[in-house]
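Input: a single structure, listed below in structure tokens.
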Amino acid sequence: TLFRSVEPGKNGGPTKVPYRPDGRKAASNDPKTWSSFAEVHEVLGRAPDLYGGVGYFFSAVDPICGVDLDVSLTAEGKPQPWAAKIIAKFQNTYRAFSVSGIGLHVLCRATLPGKGRNFYVPDGPTDPSGKRAQVGVFDQGRFFALTGRLYQKSPLELADHQETIEWLLG
């Protein structure tokens, strides 16, 4: 799936809206609107300025889990104190900068024991728009806008992190 950044979002910054290669919107709860990587890659090659990049929908039928670490990095790309241990636990799986540049998206293999969830970091920092540090963990019904900008020589493979996800949600 592709995405476009559109103003304004809940926190004042741009939202990332998922789109199909034919220009129609895609939906996280409708797999018929999702696209293959080959289709998305072809459209980006033809019209690179039309979309902000590639996105991924999490599905109940695949083993992929995503961890969204908002406001987890300094402007220099160093882990915020609250995020350092979490980031270290995911060293052997895919990690990339989020669209903001001060957050991370982690992809791994795991299944959540229930629904995905977001939680704010107590006393965590905020970004310039006022967005608070938070952690989101999802394995279905959600969408990640992926930058492809790898964090600290991240592997491209997805590692098994069931125990890490359970620890994080603990």
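The values are calculated or read from the model by the stated rules, or taken from the named source; none is laboratory data. Bear in mind that the values here come from a model prediction, so they are computed numbers and not experimental data. Here the Cβ is made from the backbone with ideal geometry for all residues, glycine too, and neighbour counts use every protein chain on show. All accessible areas refer to the heavy atoms of the entire protein, side chains included, with ligands and DNA or RNA removed. Shrake-Rupley method; radii C 1.70, N 1.55, O 1.52, S 1.80 Å.
If you go through region 50-67 one residue at a time, do you hit one that is touching a strand residue (DSSP E or B) at 6+ places or on another chain (Cβ under 6 Å) and of a type in the set (S, T, N, Q)? Among the residues of region 50-67, not one is touching a strand residue (DSSP E or B) at 6+ places or on another chain (Cβ under 6 Å) and of a type in the set (S, T, N, Q), which makes the answer no.
Only one of 122, 113 is open to solvent by 40 Å² or more (accessible area, probe 1.4 Å), farther than 26 Å from residue 76 by Cβ and at pLDDT below 95; which?
Working: 122 fails: farther than 26 Å from residue 76 by Cβ.
None of the other options fit; the residue is 113.
Quick check: is even one residue across region 80-95 under 23 Å from residue 27 (Cβ atoms) and either of a type outside the set (S, T, N, Q) or exposed (fewer than 14 other Cβ atoms within 10 Å of the Cβ) (or both)? So far as region 80-95 goes, no, none of its residues is under 23 Å from residue 27 (Cβ atoms) and either of a type outside the set (S, T, N, Q) or exposed (fewer than 14 other Cβ atoms within 10 Å of the Cβ) (or both). Residue count for region 41-77 under the criterion of being closer than 28 Å to residue 129 by Cβ and either open to solvent by less than 70 Å² (accessible area, probe 1.4 Å) or not hydrophobic (A, V, I, L, M, F, W, C) (or both): the result is 23.
Here residue 109 meets the list (1) touching a residue at least 12 places away in the same chain (Cβ under 8 Å); (2) closer than 17 Å to residue 151 by Cα almost entirely, failing just condition (2).
A quick yes/no check of all residues on (1) under 30 Å from residue 163 (Cβ atoms); (2) among the charged types (D, E, K, R); (3) touching a residue at least 12 places away in the same chain (Cβ under 8 Å):
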residue: 17; (1), (2), (3): no, no, yes
residue: 24; (1), (2), (3): no, yes, no
residue: 29; (1), (2), (3): yes, no, yes
residue: 33; (1), (2), (3): no, no, yes
residue: 55; (1), (2), (3): yes, no, yes
residue: 72; (1), (2), (3): yes, no, yes
residue: 77; (1), (2), (3): yes, no, yes
residue: 86; (1), (2), (3): yes, no, yes
residue: 105; (1), (2), (3): yes, no, yes
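Entry remark, region 138-161: residues being over 17 Å from residue 88 (Cβ atoms), at pLDDT 95 or above and open to solvent by less than 50 Å² (accessible area, probe 1.4 Å) number 3 in total.
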